[in-house]
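Visitor: Let me begin by handing over the structure; questions about it come next.
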Amino acid sequence: MENLLKSVNQGHPSAQYDLSTMFFNGYGVGQTFSVAFEWFLKATERGDARVQRSVGQMFSTGQGTFQSYIKTVEWLRRAVVQGD
């Protein structure tokens with residue numbers, strides 16, 4: 001976990017995605033959708049399609065954020081453009 005947090009703080013999107021997934025699913029940490037959403041958003045800054053898809057899915061369900069079908073389409077479209 002220490003190495004993961006170091007990578008997260010250095011801005012590595014893959015590490016940010018992994019941490020987000022841990023919070024989303026409650027793996028090794030308490031399940032906290034809002035924290036997962038925050039880290040997913042930070043990871044989108046590098047244009048990772050799987051992260052963009054995850055953000056879109058969270059907007060779709062309203063987990064960790066407000067529900068918005070407009071935002072869902074926006075984020076899923078970004079993921080598709082990236083090849084997801």
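The values are calculated or read from the model by the stated rules, or taken from the named source; none is laboratory data. Treat the numbers as computed from the prediction; the structure is a model and nothing was measured. All Cβ positions, even for glycine, are placed from backbone atoms using ideal geometry, and neighbour counts span all protein chains on display. For the accessible areas, the whole protein counts, side chains as well, though only heavy atoms, and no ligand, DNA or RNA atoms are used. Shrake-Rupley method; radii C 1.70, N 1.55, O 1.52, S 1.80 Å.
Visitor: What label, among (1) 19.1; (2) 12.6; (3) 12.9, belongs to Kirkwood radius over Cα pairs in Å computed from the structure on display?
Guide: (2)
Visitor: Residue by residue through segment 49-58, which ³J(HN,Hα) values in whole Hz follow from phi under the Karplus form 6.51 cos²θ - 1.76 cosθ + 1.60 (θ = phi - 60°), with glycine and proline marked x?
Guide: 4, 5, 6, 4, 4, 4, 4, x, 5, 5
Visitor: Taking amide H atoms as placed 1.01 Å from N in the peptide plane, list the residues 5 or more away in sequence, or in a different chain, whose amide H sits under 5 Å from that of residue 12.
Guide: HN-HN under 5 Å from residue 12: empty list.
Visitor: Hey, what does the equivalent ellipsoid look like for segment 39-84, semi-axes from the Cα gyration tensor as sqrt of 5 times each eigenvalue, largest first, whole Å?
Guide: Those come to 16, 12, 7 Å.
Visitor: Using a 7 Å offset from the Cα along the Cα-to-Cβ direction at both residue 57 and residue 9, what is the distance between the two label points in nm, to one decimal?
Guide: Those two pseudo-labels are separated by 2.9 nm.
Visitor: Right, something else. With the other protein chains left in place, how much accessible area per residue, in square angstrom, belongs to the chain at a 1.4 angstrom probe? Walk me through the numbers before you get to the answer.
Guide: Numbers: 4960 Å² over 84 residues.
Using a 1.4 Å probe on heavy atoms only, each residue of the chain averages 59 Å².
Visitor: Once phi is turned into ³J(HN,Hα) by the Karplus curve 6.51 cos²θ - 1.76 cosθ + 1.60 with θ = phi - 60°, what whole-Hz value does each residue of segment 20-32 show in order, with x for glycine and proline?
Guide: With the stated coefficients, segment 20-32 comes to 4, 5, 4, 5, 5, 9, x, 7, x, 9, x, 5, 9 Hz.
Visitor: Residue farthest toward the positive end of the dipole of the chain, with Cβ of Lys/Arg at +1 and Asp/Glu at -1: which of 37, 73, 61?
Guide: Positive-most Cα among the choices belongs to 73.
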